[in-house]
Amino acid sequence: MDNQTSRIKGENALFWKLWCLTFAFDKIEKNYSNYKIIEDCYKFLWEINDGERKNLNLENSTLDSIEKFSDIEYDDLDDFEVSECAVKEFINSAEVIIRDLKNGQVSNGGQAIYLIPLNIIDIILQDDGMDILDEDGFNTPICLKEINAQLRLSVELGLNNREFSFSDRNIFRATT
């Protein structure tokens, strides 16, 4: 997968990162105590991708809230509960995206970000007594669908010059 994602065009790197981040966002329970902070950050990052933020002010309280997320609350999240794992994946990845944006490095790939969905899928599989690294776990429909979606999108982002936006956030993924 690293080889495939390295071919993503620089202008599509932020979309790729946000597309992967969407998988985590969609798994976070809306009743989570800091859901609003996460949702605001998610929306803000998509507005940047979609060009809705003409005056790009990255010194924003929404982004600062993610970067300064409480270590105590973060550490209390359960790595083996899907929604809480998704919160951790979201925060870790959003921090990287924000740092890259602030450093002007958005077009610097985003290869390892594809692990966000796979890490969450692994927790889902563990609930069923499987592991993504085992053949049975790897060959489950949820895992194969995600890998196929990632491969299809990475090819598209490497070849296509069209602009991808929030409305494309689930492209190649079946949403049910």
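Data overview
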item: Under the span-like rule (Cα at least 20 Å along the axis, Kyte-Doolittle mean at least -0.5), DSSP H helices of the chain; result: 13-27, 35-49, 82-102, 141-159
item: Gyration tensor verdict on the chain (Cα atoms; rounded if a/c is under 1.5, prolate if a/b is larger than b/c, oblate otherwise); result: oblate
item: Anisotropy class of segment 79-169 from Cα gyration tensor, a/c 1.5 cut; result: oblate
item: Reachable lysines from Lys36, criterion Cα separation under 16 angstrom, eight or more residues apart if same chain; result: Lys27, Lys68, Lys88
item: Helix-only mean residue ellipticity at 222 nm for the chain, each DSSP H run of n ≥ 4 adding -39500 (n - 2.57), per residue, nearest 500; result: -18000 deg cm²/dmol
item: Sum of side-chain charges, Asp26 neighbourhood, beta-carbon under 10 Å (Lys, Arg +1; Asp, Glu -1); result: +3
item: Accessible area (Å², per residue) of the chain, counting only protein heavy atoms and a probe of 1.4 Å; result: 53 Å²
item: Carbon and sulfur %, accessible surface of the chain computed with the full protein complex present, 1.4 Å; result: 46 percent
item: Listed residues Ile91, Ile142, Trp19: farthest to the positive end of the dipole of the chain (Cβ charges); result: Trp19
item: Dipole moment magnitude, nearest 20 debye, segment 63-153 about Cα centre, only Lys, Arg, Asp, Glu C-beta charged; result: 780 debye
item: Charge dipole (debye, nearest 20) of the chain; +1 at Cβ of Lys and Arg, -1 at Cβ of Asp and Glu; result: 1120 debye
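The values are calculated or read from the model by the stated rules, or taken from the named source; none is laboratory data. As the structure is a computational prediction, the values presented were derived from the model and not from experiment. Positions of Cβ are backbone-derived with ideal geometry, glycine not excepted, and every protein chain shown enters the neighbour counts. Surface accessibility is based on the protein's heavy atoms, side chains included, excluding ligands, DNA and RNA. Shrake-Rupley method; radii C 1.70, N 1.55, O 1.52, S 1.80 Å.
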